[in-house]
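Undergrad: Right, I'll just put the structure down here and ask away after.
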Amino acid sequence: MKIVALAGGVGGAKLAHGLAQILKPEELTIIVNTGDDFEHYGLYICPDLDTVCYTLAELANPETGWGRVDESWNAIENASKLGGLDWFKLGDRDLGTHLERTRRLKAGDPLSQITRDFCKAWGVEHTILPMSDQSVRTMVDTDEGELAFQEYFVHRRCEPRVKGFRFVGVEEAEPASGAKEAIESADAIVICPSNPWVSVDPILKVFSLTASTSSARRPAPLPVGEGKPVVAISPIIGGETVKGPAAKMYRELGIEPSALAVANHYRGVITHFVMDAVDSQLTESVRGLNMRTLVTNTLMKSHEDRRQLAQAILQFVGSDS
Ligand code: FO1
(Lines give C-alpha, C1' and ligand atoms only; values in the text may rest on other atoms or scores of the structure.)
Protein backbone atom coordinates (compact mmCIF):
# COMPACT_ATOMS: atom_id res chain seq x y z
CA MET A 1 0.00 0.00 0.00
CA LYS A 2 1.50 3.36 -1.05
CA ILE A 3 1.10 6.11 1.52
CA VAL A 4 1.93 9.81 1.61
CA ALA A 5 2.13 11.22 5.14
CA LEU A 6 1.88 14.96 5.73
CA ALA A 7 3.81 15.94 8.84
CA GLY A 8 4.83 18.85 11.01
CA GLY A 9 7.32 18.46 13.88
CA VAL A 10 7.35 16.13 16.86
CA GLY A 11 3.84 14.51 16.69
CA GLY A 12 4.09 14.10 12.94
CA ALA A 13 7.56 12.62 13.20
CA LYS A 14 6.40 9.99 15.71
CA LEU A 15 3.62 8.70 13.46
CA ALA A 16 5.88 8.86 10.40
CA HIS A 17 8.33 6.69 12.34
CA GLY A 18 5.53 4.23 13.12
CA LEU A 19 4.54 4.07 9.44
CA ALA A 20 8.19 3.55 8.48
CA GLN A 21 8.34 0.54 10.80
CA ILE A 22 5.60 -1.14 8.73
CA LEU A 23 5.86 0.15 5.15
CA LYS A 24 8.70 -0.57 2.73
CA PRO A 25 10.79 2.44 1.61
CA GLU A 26 9.05 2.56 -1.77
CA GLU A 27 5.65 2.56 -0.04
CA LEU A 28 6.07 5.68 2.11
CA THR A 29 6.77 9.33 1.27
CA ILE A 30 6.67 11.89 4.05
CA ILE A 31 6.00 15.48 3.03
CA VAL A 32 7.04 17.94 5.72
CA ASN A 33 6.01 21.49 6.60
CA THR A 34 8.69 24.09 5.92
CA GLY A 35 6.64 27.13 6.99
CA ASP A 36 8.59 27.04 10.30
CA ASP A 37 11.93 27.45 8.51
CA PHE A 38 13.97 30.54 9.23
CA GLU A 39 17.45 32.00 9.05
CA HIS A 40 19.37 32.32 12.26
CA TYR A 41 23.06 33.24 12.58
CA GLY A 42 23.05 33.25 8.77
CA LEU A 43 22.13 29.56 8.77
CA TYR A 44 19.08 28.04 7.12
CA ILE A 45 17.17 26.07 9.77
CA CYS A 46 14.36 23.61 8.90
CA PRO A 47 13.03 22.52 12.32
CA ASP A 48 10.22 20.21 11.18
CA LEU A 49 12.21 18.64 8.36
CA ASP A 50 15.12 17.94 10.71
CA THR A 51 12.79 16.58 13.41
CA VAL A 52 11.29 14.07 10.94
CA CYS A 53 14.69 13.09 9.51
CA TYR A 54 16.35 12.70 12.92
CA THR A 55 13.36 10.69 14.22
CA LEU A 56 13.43 8.24 11.30
CA ALA A 57 17.22 8.01 11.60
CA GLU A 58 16.76 7.31 15.34
CA LEU A 59 19.00 10.30 16.05
CA ALA A 60 16.35 12.51 17.70
CA ASN A 61 16.58 13.76 21.24
CA PRO A 62 13.97 11.65 23.09
CA GLU A 63 13.31 14.34 25.74
CA THR A 64 12.56 17.32 23.50
CA GLY A 65 11.54 15.45 20.33
CA TRP A 66 13.54 18.03 18.32
CA GLY A 67 17.33 18.30 17.97
CA ARG A 68 19.84 15.47 18.32
CA VAL A 69 20.37 12.77 20.91
CA ASP A 70 23.74 12.91 22.76
CA GLU A 71 23.94 16.61 21.99
CA SER A 72 26.38 19.15 23.43
CA TRP A 73 25.92 22.92 23.47
CA ASN A 74 29.43 24.38 23.33
CA ALA A 75 28.90 26.60 20.27
CA ILE A 76 25.66 28.25 21.46
CA GLU A 77 27.03 28.69 25.01
CA ASN A 78 30.12 30.35 23.62
CA ALA A 79 28.05 32.57 21.30
CA SER A 80 25.85 33.52 24.26
CA LYS A 81 28.90 34.44 26.35
CA LEU A 82 30.01 36.71 23.52
CA GLY A 83 26.66 38.51 23.58
CA GLY A 84 25.02 36.45 20.83
CA LEU A 85 21.46 35.15 20.56
CA ASP A 86 20.70 32.08 22.65
CA TRP A 87 16.89 31.83 22.62
CA PHE A 88 16.95 29.22 19.87
CA LYS A 89 19.03 26.29 21.12
CA LEU A 90 21.27 24.98 18.38
CA GLY A 91 23.27 21.96 19.52
CA ASP A 92 26.79 21.26 18.27
CA ARG A 93 25.85 18.18 16.21
CA ASP A 94 22.69 19.85 14.90
CA LEU A 95 24.77 22.86 13.82
CA GLY A 96 26.65 20.64 11.38
CA THR A 97 23.34 19.93 9.60
CA HIS A 98 22.56 23.65 9.28
CA LEU A 99 26.09 24.51 8.14
CA GLU A 100 26.11 21.91 5.38
CA ARG A 101 22.52 22.61 4.29
CA THR A 102 23.25 26.35 4.09
CA ARG A 103 26.41 25.69 2.06
CA ARG A 104 24.49 23.48 -0.39
CA LEU A 105 21.58 25.93 -0.72
CA LYS A 106 24.03 28.76 -1.43
CA ALA A 107 25.63 26.53 -4.09
CA GLY A 108 22.17 26.34 -5.73
CA ASP A 109 21.02 22.84 -4.71
CA PRO A 110 17.28 22.45 -4.03
CA LEU A 111 16.19 21.66 -0.46
CA SER A 112 14.53 18.41 -1.60
CA GLN A 113 17.79 17.09 -3.09
CA ILE A 114 19.78 18.13 -0.02
CA THR A 115 17.23 16.35 2.18
CA ARG A 116 17.45 13.18 0.06
CA ASP A 117 21.26 13.27 0.36
CA PHE A 118 21.18 13.86 4.11
CA CYS A 119 18.70 11.00 4.57
CA LYS A 120 21.00 8.68 2.61
CA ALA A 121 23.91 9.68 4.84
CA TRP A 122 21.79 9.04 7.96
CA GLY A 123 20.58 5.66 6.68
CA VAL A 124 16.94 6.75 6.22
CA GLU A 125 15.49 4.69 3.37
CA HIS A 126 11.98 6.13 3.21
CA THR A 127 11.52 9.32 1.22
CA ILE A 128 11.30 12.55 3.19
CA LEU A 129 10.57 15.72 1.23
CA PRO A 130 10.06 19.37 2.13
CA MET A 131 6.62 20.55 0.98
CA SER A 132 8.32 22.94 -1.42
CA ASP A 133 11.77 23.89 -2.62
CA GLN A 134 10.64 27.49 -2.48
CA SER A 135 10.34 29.63 0.62
CA VAL A 136 7.07 29.71 2.58
CA ARG A 137 7.11 31.63 5.86
CA THR A 138 4.44 31.20 8.53
CA MET A 139 3.55 34.47 10.21
CA VAL A 140 1.44 34.58 13.36
CA ASP A 141 -0.92 37.52 13.82
CA THR A 142 -1.13 38.22 17.56
CA ASP A 143 -2.42 40.85 19.98
CA GLU A 144 1.18 42.13 20.00
CA GLY A 145 1.39 42.39 16.21
CA GLU A 146 2.52 39.96 13.55
CA LEU A 147 5.40 37.69 14.55
CA ALA A 148 7.58 35.34 12.49
CA PHE A 149 6.78 31.76 13.52
CA GLN A 150 9.91 30.92 15.56
CA GLU A 151 9.79 34.36 17.20
CA TYR A 152 6.24 33.51 18.37
CA PHE A 153 6.85 29.83 19.10
CA VAL A 154 10.27 29.66 20.74
CA HIS A 155 11.32 33.23 21.61
CA ARG A 156 7.91 34.32 22.93
CA ARG A 157 6.95 30.76 24.12
CA CYS A 158 3.55 31.03 22.36
CA GLU A 159 2.48 33.62 24.95
CA PRO A 160 0.94 36.32 22.68
CA ARG A 161 -2.73 35.74 21.87
CA VAL A 162 -3.23 34.43 18.36
CA LYS A 163 -5.55 36.23 15.93
CA GLY A 164 -4.69 34.46 12.68
CA PHE A 165 -1.99 33.14 10.38
CA ARG A 166 -0.39 34.10 7.08
CA PHE A 167 1.82 31.89 4.92
CA VAL A 168 4.08 34.24 2.99
CA GLY A 169 5.00 32.84 -0.42
CA VAL A 170 2.48 29.97 -0.35
CA GLU A 171 0.62 31.13 -3.46
CA GLU A 172 3.82 30.99 -5.54
CA ALA A 173 5.32 27.87 -3.92
CA GLU A 174 5.38 24.78 -6.14
CA PRO A 175 5.35 21.32 -4.55
CA ALA A 176 8.90 20.00 -4.11
CA SER A 177 10.27 17.80 -6.83
CA GLY A 178 8.64 14.35 -6.57
CA ALA A 179 5.99 15.34 -4.01
CA LYS A 180 3.04 15.81 -6.36
CA GLU A 181 3.84 12.53 -8.13
CA ALA A 182 3.97 10.76 -4.74
CA ILE A 183 0.50 12.09 -3.87
CA GLU A 184 -0.88 11.12 -7.25
CA SER A 185 0.40 7.55 -7.01
CA ALA A 186 -0.51 7.08 -3.33
CA ASP A 187 -3.35 4.78 -2.27
CA ALA A 188 -4.05 7.02 0.73
CA ILE A 189 -2.91 10.26 2.34
CA VAL A 190 -2.28 10.39 6.09
CA ILE A 191 -2.42 13.75 7.85
CA CYS A 192 -0.28 13.19 10.94
CA PRO A 193 -1.30 14.48 14.40
CA SER A 194 0.46 17.81 13.87
CA ASN A 195 -0.84 21.31 14.53
CA PRO A 196 -3.66 21.87 11.98
CA TRP A 197 -3.16 25.67 11.91
CA VAL A 198 0.58 26.02 11.49
CA SER A 199 1.98 22.61 10.54
CA VAL A 200 -0.62 21.03 8.25
CA ASP A 201 -2.44 23.99 6.66
CA PRO A 202 0.74 25.27 4.94
CA ILE A 203 1.26 21.84 3.31
CA LEU A 204 -2.40 21.58 2.28
CA LYS A 205 -2.20 25.02 0.74
CA VAL A 206 0.91 24.20 -1.29
CA PHE A 207 -0.89 21.15 -2.69
CA SER A 208 -4.21 23.02 -3.08
CA LEU A 209 -5.83 20.40 -0.87
CA THR A 210 -7.69 23.00 1.17
CA ALA A 211 -7.91 26.48 2.53
CA SER A 212 -9.54 25.67 5.81
CA THR A 213 -8.03 28.41 7.97
CA SER A 214 -11.03 30.52 7.13
CA SER A 215 -14.49 29.04 6.94
CA ALA A 216 -15.34 31.69 4.34
CA ARG A 217 -12.80 30.06 2.05
CA ARG A 218 -14.08 26.51 2.48
CA PRO A 219 -13.29 24.98 -0.83
CA ALA A 220 -11.22 22.79 -2.55
CA PRO A 221 -12.47 19.61 -3.96
CA LEU A 222 -9.18 17.71 -3.59
CA PRO A 223 -7.60 18.37 -6.98
CA VAL A 224 -4.66 16.16 -6.08
CA GLY A 225 -6.01 13.75 -3.47
CA GLU A 226 -9.38 13.27 -5.13
CA GLY A 227 -10.82 9.79 -5.10
CA LYS A 228 -8.50 8.35 -2.47
CA PRO A 229 -8.88 8.10 1.28
CA VAL A 230 -7.45 11.05 3.19
CA VAL A 231 -7.21 10.33 6.91
CA ALA A 232 -6.35 12.79 9.69
CA ILE A 233 -5.34 11.89 13.21
CA SER A 234 -6.44 14.34 15.89
CA PRO A 235 -3.54 16.03 17.73
CA ILE A 236 -6.11 17.09 20.34
CA ILE A 237 -6.91 14.49 22.97
CA GLY A 238 -9.47 15.23 25.66
CA GLY A 239 -9.50 18.92 24.69
CA GLU A 240 -5.74 19.38 25.06
CA THR A 241 -2.66 18.96 22.88
CA VAL A 242 0.00 16.43 23.80
CA LYS A 243 2.68 18.99 22.86
CA GLY A 244 2.57 22.47 21.42
CA PRO A 245 0.04 25.29 21.25
CA ALA A 246 -2.76 23.88 19.02
CA ALA A 247 -5.40 23.82 21.80
CA LYS A 248 -4.40 27.33 22.93
CA MET A 249 -4.69 28.54 19.33
CA TYR A 250 -8.18 27.06 18.93
CA ARG A 251 -9.26 28.76 22.18
CA GLU A 252 -7.82 32.14 21.20
CA LEU A 253 -9.52 31.90 17.81
CA GLY A 254 -12.86 31.38 19.58
CA ILE A 255 -13.17 27.64 18.92
CA GLU A 256 -13.44 25.08 21.73
CA PRO A 257 -10.46 22.76 21.26
CA SER A 258 -11.57 19.18 20.66
CA ALA A 259 -11.16 16.30 18.24
CA LEU A 260 -14.43 17.50 16.68
CA ALA A 261 -12.91 20.95 16.07
CA VAL A 262 -9.99 19.25 14.30
CA ALA A 263 -12.32 17.13 12.16
CA ASN A 264 -14.27 20.26 11.29
CA HIS A 265 -11.03 22.05 10.40
CA TYR A 266 -10.30 19.38 7.76
CA ARG A 267 -13.88 19.21 6.45
CA GLY A 268 -13.90 18.97 2.67
CA VAL A 269 -10.39 17.48 2.66
CA ILE A 270 -10.56 14.27 4.66
CA THR A 271 -12.66 11.16 4.29
CA HIS A 272 -11.48 9.36 7.45
CA PHE A 273 -10.78 10.62 10.98
CA VAL A 274 -8.91 8.99 13.87
CA MET A 275 -9.45 10.11 17.45
CA ASP A 276 -8.42 8.93 20.85
CA ALA A 277 -10.53 6.57 22.98
CA VAL A 278 -11.04 9.35 25.57
CA ASP A 279 -12.97 11.27 22.88
CA SER A 280 -15.25 8.39 21.88
CA GLN A 281 -18.36 10.44 22.81
CA LEU A 282 -17.61 12.68 19.79
CA THR A 283 -17.92 9.83 17.28
CA GLU A 284 -21.48 10.58 16.18
CA SER A 285 -20.75 14.30 15.71
CA VAL A 286 -17.71 13.52 13.57
CA ARG A 287 -19.71 11.00 11.52
CA GLY A 288 -22.19 13.83 11.00
CA LEU A 289 -19.41 15.61 9.07
CA ASN A 290 -19.54 12.74 6.57
CA MET A 291 -16.32 11.09 7.75
CA ARG A 292 -15.57 7.51 8.69
CA THR A 293 -14.21 7.33 12.23
CA LEU A 294 -11.73 5.20 14.10
CA VAL A 295 -11.46 5.43 17.88
CA THR A 296 -8.21 4.04 19.26
CA ASN A 297 -5.23 4.85 21.47
CA THR A 298 -3.48 7.76 19.73
CA LEU A 299 -0.99 8.69 22.46
CA MET A 300 2.48 7.67 21.24
CA LYS A 301 4.63 7.22 24.32
CA SER A 302 6.73 4.32 23.03
CA HIS A 303 8.03 3.07 19.68
CA GLU A 304 5.48 0.26 19.96
CA ASP A 305 2.64 2.82 20.37
CA ARG A 306 3.81 4.50 17.15
CA ARG A 307 3.79 1.20 15.27
CA GLN A 308 0.41 0.15 16.64
CA LEU A 309 -1.23 3.46 15.74
CA ALA A 310 0.30 3.30 12.24
CA GLN A 311 -0.98 -0.26 11.83
CA ALA A 312 -4.50 0.70 12.94
CA ILE A 313 -4.54 3.66 10.49
CA LEU A 314 -3.38 1.50 7.56
CA GLN A 315 -6.06 -1.08 8.32
CA PHE A 316 -8.67 1.68 8.66
CA VAL A 317 -7.94 3.30 5.26
CA GLY A 318 -7.19 -0.03 3.56
CA SER A 319 -10.41 -1.70 4.63
CA ASP A 320 -12.61 0.18 2.16
CA SER A 321 -10.25 1.30 -0.59
N1 FO1 B 1 11.99 24.43 20.17
C2 FO1 B 1 12.02 25.08 21.35
O3 FO1 B 1 10.98 25.15 22.03
N4 FO1 B 1 13.17 25.70 21.79
C5 FO1 B 1 14.33 25.66 21.10
O6 FO1 B 1 15.34 26.22 21.51
C7 FO1 B 1 14.33 24.93 19.85
C8 FO1 B 1 15.49 24.77 19.10
C9 FO1 B 1 15.46 23.99 17.95
C10 FO1 B 1 16.63 23.75 17.22
C11 FO1 B 1 16.62 22.99 16.08
C12 FO1 B 1 15.41 22.42 15.65
O13 FO1 B 1 15.39 21.67 14.53
C14 FO1 B 1 14.23 22.63 16.36
C15 FO1 B 1 14.25 23.41 17.51
N16 FO1 B 1 13.09 23.62 18.26
C17 FO1 B 1 13.11 24.33 19.43
C18 FO1 B 1 11.80 23.06 17.84
C19 FO1 B 1 11.05 23.87 16.81
O20 FO1 B 1 11.34 25.20 16.73
C21 FO1 B 1 9.53 23.71 16.93
O22 FO1 B 1 9.15 22.58 17.65
C23 FO1 B 1 8.89 23.57 15.60
O24 FO1 B 1 9.20 24.58 14.70
C25 FO1 B 1 7.36 23.42 15.69
O26 FO1 B 1 7.04 22.30 14.99
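Undergrad: If you go through segment 153-164, how many residues are within 12 Å of the ligand (Cβ to nearest atom) and open to solvent by 40 Å² or more (accessible area, probe 1.4 Å)? Give the steps one after another, and end with the answer.
TA: Taking segment 153-164 and keeping what is within 12 Å of the ligand (Cβ to nearest atom), we get 153-158.
Pick out the ones that are also open to solvent by 40 Å² or more (accessible area, probe 1.4 Å) and you get 153-157.
Going through segment 153-164 one residue at a time, the tally reaches 5.
Undergrad: Sticking with this one: Only one of these conditions is not met by Gln113: (1) within 20 Å of the chain's Cα centre (by Cα); (2) among the polar types (S, T, N, Q); (3) open to solvent by less than 40 Å² (accessible area, probe 1.4 Å). Which number is it?
TA: Gln113 satisfies every listed condition except (3).
Undergrad: Name the pairs whose Cβ atoms lie under 7 Å apart, with the first residue in segment 63-79 and farther than 15 Å from His98 by Cβ, the second among the β-branched types (Val, Ile, Thr) and open to solvent by less than 90 Å² (accessible area, probe 1.4 Å), and 6 or more positions between them or separate chains?
TA: Gly65/Val10; Gly65/Thr51
Undergrad: Let me ask something else. Please go through segment 179-215 and pick out each residue that is away from the ligand (no atom under 16 Å from the Cβ), closer than 22 Å to Asp133 by Cβ, in a loop (DSSP other than H, G, I, E, B) and at pLDDT 95 or above.
TA: Selection gives Ala186 alone.
Undergrad: Give the residues of segment 220-241 that are within 17 Å of Ser319 (Cα to Cα), at pLDDT below 95 and open to solvent by less than 30 Å² (accessible area, probe 1.4 Å), sorted by residue number.
TA: Lys228
Undergrad: Right, next: Mind counting the residues in segment 35-59 that are among the aliphatic types (A, V, I, L, M), in contact with a Phe, Trp or Tyr (Cβ under 7 Å, 6 or more places away or on another chain) and assigned to a strand (DSSP E or B)?
TA: Count: 1.
Undergrad: Further, regarding this structure: Those residues that are of a type outside the set (Asp, Glu), open to solvent by 40 Å² or more (accessible area, probe 1.4 Å) and in a helix (DSSP H, G or I), I need them from segment 117-152; list them, please.
TA: Lys120, Ala121, Trp122
Undergrad: Whether any residue in segment 60-77 is assigned to a helix (DSSP H, G or I), more than 14 Å from the ligand (Cβ to nearest atom) and open to solvent by less than 40 Å² (accessible area, probe 1.4 Å) is what I want to check.
TA: At the first step, the residues of segment 60-77 found to be assigned to a helix (DSSP H, G or I) are 74-77.
If we keep only those that are more than 14 Å from the ligand (Cβ to nearest atom) as well, we get 74.
Subset that is open to solvent by less than 40 Å² (accessible area, probe 1.4 Å): none.
Within segment 60-77, none of the residues are assigned to a helix (DSSP H, G or I), more than 14 Å from the ligand (Cβ to nearest atom) and open to solvent by less than 40 Å² (accessible area, probe 1.4 Å).
Undergrad: Look through Leu105, Leu99 and report the one residue that is outside any loop (DSSP other than H, G, I, E, B), without any contact (Cβ under 8 Å) to a residue 60 or more places away in the chain and open to solvent by 20 Å² or more (accessible area, probe 1.4 Å).
TA: Leu99
The values are calculated or read from the model by the stated rules, or taken from the named source; none is laboratory data. The shown structure was predicted, so the numbers you read here are calculated from the model rather than taken from an experiment. Neighbour counts run over all protein chains shown; Cβ positions are idealised from the backbone, glycine included. Each accessible area value is taken on the protein alone, full model and side chains, heavy atoms only, with ligands, DNA and RNA left out. Shrake-Rupley method; radii C 1.70, N 1.55, O 1.52, S 1.80 Å.
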